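Q: Just dropping this structure here.
The values are calculated or read from the model by the stated rules, or taken from the named source; none is laboratory data. What you see is a predicted model; the values in this text were computed from it and never measured. Backbone-built Cβ (ideal geometry, glycine too); neighbour counts: all protein chains shown. All accessible areas refer to the heavy atoms of the entire protein, side chains included, with ligands and DNA or RNA removed. Shrake-Rupley method; radii C 1.70, N 1.55, O 1.52, S 1.80 Å.
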2 protein chains.
Amino acid sequence: MSEKAFQDYYADHSSHCYGCGRLNDQGLKIKSFWDGENTICRFTPKSFHTAIPGYVYGGLIASVIDCHGTGSASAAAYRHQGRQMGTKPKLRFVTASLKVDYLKPTPIDTEMILRGTIVEIKERKVVVKVTLSAGDNVCARGEVVAVQVPEHWGLT
Amino acid sequence: MSEKAFQDYYADHSSHCYGCGRLNDQGLKIKSFWDGENTICRFTPKSFHTAIPGYVYGGLIASVIDCHGTGSASAAAYRHQGRQMGTKPKLRFVTASLKVDYLKPTPIDTEMILRGTIVEIKERKVVVKVTLSAGDNVCARGEVVAVQVPEHWGLT
């Protein structure tokens, strides 16, 4: 596992995302890392992230899958080009589509572990499958289709 | 448009959802209503719901589509049975799967309007398609597959 998270390589002016921006103090500030060929993110919900009492609401699950997916896409694109993350030209991705299957209720008092697998990588598109586990259970599965941010957005 | 939102019929002990629970003071408290044969929800993002500066992060969009979808499913199930919402036995739904296609960046300073269309209704399953618009643009499209909460969960 690398010491610096994928999100820590994002430029300051594009680090305000509620899900993954290190500069959004009201946000979730998720952190994603390589774990061999896969990516990993650990996140512990807050008590107010409730769905039904004792369990996490689906929107949080979608949010962390989404941001872990786009972070993983960026890291994978750099690796695919044989470059260190953060080198120029910078590679930043946004979500074109997100799919989440909710398999079991996700307990709110347990660390969630998200594991990402890169299943497709093209020049401007990366597809990431994500499993979300809590304890011994896989509680949700997701797929993020991420597309590279056009340079004229000025994010990189 | 009805005066009482779908979510206002949920039982107190199942009204703590971060997305739609009227009793979660840190949550989004979305409100959904009938609008003819469709359902509608209006939500104005907060400034910290940022993705990239000026636009809404995808997780919020997924969250409001999700909760508007399950609320719409509950309302549709009552209507399908010819019953007033809130009458017993209560009908409450959770999300089995969620799909969101992000079509355009969603501006953060504009009210989002979500419109739900019931596309399938079976005994314990309702499928809802949702469009999310801001101003003149459809910014996202979603589909929520909602399943009725088993009675032994004690939510209704």
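Q: Among the residues of the range A:43-59, is there at least one that is more than 10 Å from chain B (Cβ to nearest Cβ), closer than 28 Å to B:Lys29 by Cα and in contact with a strand residue (DSSP E or B) (Cβ under 6 Å, 6 or more places away or on another chain)?
A: yes
Q: One residue is enough: does the range B:76-90 have a residue meeting the conditions surrounded by 14 or more Cβ atoms within 10 Å (Cβ to Cβ) and under 22 Å from A:Gly142 (Cβ atoms)?
A: No, the range B:76-90 contains no residue that is surrounded by 14 or more Cβ atoms within 10 Å (Cβ to Cβ) and under 22 Å from A:Gly142 (Cβ atoms).
Q: I would also like to ask the following. Identify, from the list A:Ile121, A:Ile65, the residue that is open to solvent by 10 Å² or more (accessible area, probe 1.4 Å) and either hydrophobic (A, V, I, L, M, F, W, C) or without any contact (Cβ under 8 Å) to a residue 40 or more places away in the chain (or both). Break it down into steps so the answer makes sense when it comes.
A: Details: A:Ile65 fails: open to solvent by 10 Å² or more (accessible area, probe 1.4 Å).
Within the list A:Ile121, A:Ile65, the selection yields A:Ile121.
Q: While we're here: If I filter the range A:104-114 for residues that are open to solvent by 50 Å² or more (accessible area, probe 1.4 Å) and over 27 Å from A:Tyr57 (Cβ atoms), do I get at least one hit?
A: Looking through the range A:104-114, none of the residues is open to solvent by 50 Å² or more (accessible area, probe 1.4 Å) and over 27 Å from A:Tyr57 (Cβ atoms).
Q: What are the residues in the range B:132-150 that are touching a helix residue (DSSP H, G or I) at 6+ places or on another chain (Cβ under 9 Å), open to solvent by less than 40 Å² (accessible area, probe 1.4 Å) and over 24 Å from B:Ala11 (Cβ atoms), if any?
A: B:Leu132, B:Cys139, B:Ala140, B:Gly142
Q: I'm told B:Lys46 meets every condition in (1) in a helix (DSSP H, G or I); (2) surrounded by fewer than 23 Cβ atoms within 10 Å (Cβ to Cβ) except one. Can you identify the failing condition by its number?
A: With (1) in a helix (DSSP H, G or I); (2) surrounded by fewer than 23 Cβ atoms within 10 Å (Cβ to Cβ) applied to B:Lys46, the lone miss is (1).
Q: For B:Lys29, are the conditions met, namely being assigned to a loop (DSSP other than H, G, I, E, B), at positive phi and at pLDDT 95 or above?
A: Criteria met by B:Lys29.
Q: If you don't mind, there's one more thing I want to ask. Give me the strands (runs of 3 or more DSSP E) completely within the range A:99-156, filtered to those with at least 1 residues that are within 23 Å of B:Pro105 (Cβ to Cβ), ordered by residue number. Break it down stepwise before answering.
A: On the way: elements: A:112-121, A:125-134, A:137-148.
Correct list: A:125-134, A:137-148.
Q: Name the residues in the range A:49-62 that are open to solvent by less than 40 Å² (accessible area, probe 1.4 Å) and assigned to a strand (DSSP E or B), would you?
A: A:Thr50, A:Val56
Q: Also, quick follow-up: Going through the range B:11-24 one residue at a time, which ones are more than 8 Å from chain A (Cβ to nearest Cβ) and assigned to a loop (DSSP other than H, G, I, E, B)? Walk me through it before giving the result.
A: Of the range B:11-24, the ones more than 8 Å from chain A (Cβ to nearest Cβ) are B:11-12, B:15, B:20, B:22-23.
The answer is B:Ala11, B:Ser15, B:Cys20, B:Arg22, B:Leu23.
Q: Still on this structure: So A:Trp153 passes all but one of these: (1) in contact with an Asp or Glu (Cβ under 6 Å, 6 or more places away or on another chain); (2) facing chain B (nearest Cβ under 9 Å); (3) open to solvent by 50 Å² or more (accessible area, probe 1.4 Å); (4) not acidic (Asp, Glu). Which condition number does it fail?
A: Only one criterion in (1) in contact with an Asp or Glu (Cβ under 6 Å, 6 or more places away or on another chain); (2) facing chain B (nearest Cβ under 9 Å); (3) open to solvent by 50 Å² or more (accessible area, probe 1.4 Å); (4) not acidic (Asp, Glu) is unmet by A:Trp153, namely (1).
Q: Moving on. Test A:Thr87 against the stated conditions and say whether it is of a type in the set (Ser, Thr, Tyr), over 16 Å from the mean Cα position of the chain (by Cα), farther than 28 Å from B:Leu28 by Cα and away from chain B (no Cβ under 14 Å). Give the steps one after another, and end with the answer.
A: Working: of a type in the set (Ser, Thr, Tyr): yes; over 16 Å from the mean Cα position of the chain (by Cα): yes; farther than 28 Å from B:Leu28 by Cα: yes; away from chain B (no Cβ under 14 Å): yes.
Criteria met by A:Thr87.
Q: Given (1) part of a loop (DSSP other than H, G, I, E, B); (2) closer than 23 Å to B:Asp66 by Cα, identify the lone condition not met by A:Lys90.
A: The number of the failed condition is (2).
Q: A:Thr39 passes all but one of (1) open to solvent by less than 10 Å² (accessible area, probe 1.4 Å); (2) at pLDDT below 95; (3) more than 8 Å from every other protein chain (Cβ to nearest Cβ); which number fails?
A: With (1) open to solvent by less than 10 Å² (accessible area, probe 1.4 Å); (2) at pLDDT below 95; (3) more than 8 Å from every other protein chain (Cβ to nearest Cβ) applied to A:Thr39, the lone miss is (2).
Q: Follow-up question, since we're still on this one. Restricting the first residue to the range B:83-100 and requiring it to be charged (D, E, K, R), which pairs with a second residue that is open to solvent by 40 Å² or more (accessible area, probe 1.4 Å) and at pLDDT below 95 meet a Cβ separation below 7 Å and a spacing of at least six or different chains?
A: B:Lys90/B:Thr156; B:Arg92/B:Thr156
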